1. Please enumerate the residues belonging to the stretch 1-20 that are closer than 30 Å to GLU123 by Cβ and buried (at least 22 other Cβ atoms within 10 Å of the Cβ).
2. Between ARG230, ARG190, ARG214, which is over 15 Å from the mean Cα position of the chain (by Cα) and closer than 30 Å to LEU128 by Cβ?
3. From the residues in the stretch 104-124 that are under 18 Å from LEU191 (Cα atoms) and open to solvent by less than 10 Å² (accessible area, probe 1.4 Å), which one is farthest from the chain's Cα centre (by Cα)?
4. Being at positive phi, modelled with pLDDT of 95 or more and buried (at least 16 other Cβ atoms within 10 Å of the Cβ) is true for just one of GLY280, GLY266. Which residue is that?
5. When you scan the stretch 165-269 for strands (runs of 3 or more DSSP E) that lie fully inside it, which ones turn up with 1 or more residues that are farther than 24 Å from VAL122 by Cα?
6. Any residue in the stretch 94-117 that is out of contact with any helix residue (DSSP H, G or I) (no Cβ under 8 Å at 6 or more places or on another chain), outside any helix (DSSP H, G or I) and modelled with pLDDT under 60?
7. Quick test for you: out of VAL259, VAL253, VAL245, pick the one residue that is within 23 Å of LEU199 (Cα to Cα), touching a helix residue (DSSP H, G or I) at 6+ places or on another chain (Cβ under 6 Å) and open to solvent by 10 Å² or more (accessible area, probe 1.4 Å).
8. Of all residues in the stretch 207-245, count the ones that are free of Cβ contacts under 8 Å to residues at least 24 places away in the same chain and in contact with an Asp or Glu (Cβ under 9 Å, 6 or more places away or on another chain).
Amino acid sequence: MNLQTNYLGLPLRNPLVASAGPLSQTVDQVKGLADGGVGAVVLYSLFEEQVRAQLEQAERDVLLEEEHADMFPEATSYFPSMSSEPVETVAAKYLTLVERASAAIEVPLIASLNGSSLGSWVEFARQLQEAGAAALELNIYFVPGDTSLAGPDVEQRHLDIVAAVKQNVSIPVAVKLAPYFSSFGSFALRLVETGADGLVLFNRFLQPDVDIERLEVVPGVELSTPSEARLPRTWIAALRHQVPVSLAATSGVETADDVVAYLLAGADVVMTTSALVRHGRDYARVLLDGLDTWLTRKGFDSVGAARGLLAVPAGADASGYQRAGYVTALEKAKSRYGSLVG
């Protein structure tokens, strides 16, 4: 079965991609994911705050060197010595990992930058490209807690970050974002116009919980479940014939059926971390074998033959299409659950 696909202009051997997460923190882990069968690997995310820390350290080092440049040689022992070797920060380690991991695997390695504000940190994207990243996933995680910040300003912040990153690299850039915009379809089009080469749907909003005994807000991360796939699948189906860029699905993948459903909606690739954490990196083979079996059983000769079959048809009234599905679902719910009451 031909499982080959294309993502961000990169040829992949199959549409299953290891998403950014805890399984890609070392070269051995990245190699394990590639050996497990995935078509590409997205590294864990490097955060804007970590890049800024490296930039600030570099600025402090330069200022200190300039301050001591005119001192008498015999007096330099009174001041901190400046090592010729740079301090190995989190950001520096990330660059080293990109360089070593990209050379160690035969599938594309995609670097991941996570940020929420415009700043000099976006220039780090060029260093990721130079280190060997085949593409960049720009994860914009921004929850506007400032109640005076208007919706258009939130959108503009995203667009400015994407534009700045694109100015610094020539490799493709995919934007991973949340669905919480007043008109997500329109915003998606604006991201594409700004230069995004792909959209990753969706970033998970990590909602904290409340400990009622300790009276504390408790942060945490839980693995995704198949029910979370419905929202990104809906928007992928709506955008498939509306945007000329790659669409990546993420969240809610547990079985091969989930992979198939995303592809039918129109996804170019299907990303997962939760399933690989639960079952091990070799579980990628199970998902791919299940996809292969389904395609064969349905008479398809490739992934491309099945992709987008259940997307919103080109030229259709997308709003009316979604509304019709909503009404039908509620009518079925009344029929199914209403009979249980009485």
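1. Going residue by residue through the stretch 1-20, those that are closer than 30 Å to GLU123 by Cβ are 6-12, 17-20.
Answer for the stretch 1-20, where residues must be closer than 30 Å to GLU123 by Cβ and buried (at least 22 other Cβ atoms within 10 Å of the Cβ): TYR7, LEU8, VAL17, ALA18, SER19, ALA20.
2. Testing whether each residue is over 15 Å from the mean Cα position of the chain (by Cα) and closer than 30 Å to LEU128 by Cβ leaves just ARG190.
3. Only one residue tops the list, namely VAL122.
4. From the options GLY280, GLY266, the qualifying one is GLY266.
5. Those strands (runs of 3 or more DSSP E) span 209-211, 216-218, 246-250.
6. For the stretch 94-117, residues out of contact with any helix residue (DSSP H, G or I) (no Cβ under 8 Å at 6 or more places or on another chain), outside any helix (DSSP H, G or I) and modelled with pLDDT under 60: absent.
7. Working: VAL259 fails: open to solvent by 10 Å² or more (accessible area, probe 1.4 Å); VAL253 fails: open to solvent by 10 Å² or more (accessible area, probe 1.4 Å).
Every option except VAL245 fails the conditions.
8. 5
The values are calculated or read from the model by the stated rules, or taken from the named source; none is laboratory data. Keep in mind that what you see is a predicted model, and the values were worked out from it rather than measured. Positions of Cβ are backbone-derived with ideal geometry, glycine not excepted, and every protein chain shown enters the neighbour counts. Note: areas computed on protein heavy atoms with side chains; ligands, DNA, RNA excluded. Shrake-Rupley method; radii C 1.70, N 1.55, O 1.52, S 1.80 Å.
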